[in-house]
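Since the structure comes first, as structure tokens, the remarks are kept for the end.
What follows draws every value from the coordinates through simple rules; no lab data is involved. Keep in mind that this is a model prediction, so the values were computed, not measured. Methodologically, a virtual Cβ is constructed for each residue, glycine included, from the backbone with ideal geometry; neighbour enumeration extends over all protein chains shown.
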Amino acid sequence: MPIYEYQCESCGNIVENWQRITDPPLEECESCGGKMKKLISQSSFHLKGSGWYVTDYAGSKKSASASEQKGTKDKSAKKEKKPASSSSEKSSS
């Protein structure tokens, strides 16, 4: 059940109330009897566990590791090519 916050327009009293979405909103302040208004506040939930927020999908972790492996293979291939080209440049000079 969500927690709703209400503030009295007369006395400024703030009340937190556990309500179902289908429940009617609070209309009268318990302390002074003034009109209550619903406040919009920050939500307080946190997604925990693997697959949330970083990848947005739980099953895409395998594809990320596969792309990392491809990246390391490409880097090693580039490293092998660089020494060969640098030695040919030295011999031609």
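Structure notes:
- Protection proxy ranking of 1-7, 18-24 - average other beta-carbon atoms within 10 Å, highest first: 1-7, 18-24
- Spin-label pair Gln7-His46: with each label point 7 Å from Cα along the Cα-Cβ axis, the two points sit 2.6 nm from one another.
- Neighbourhood charge, 10 Å Cβ-Cβ cut-off, centred on Glu9 and excluding it, Lys, Arg +1 and Asp, Glu -1: +2
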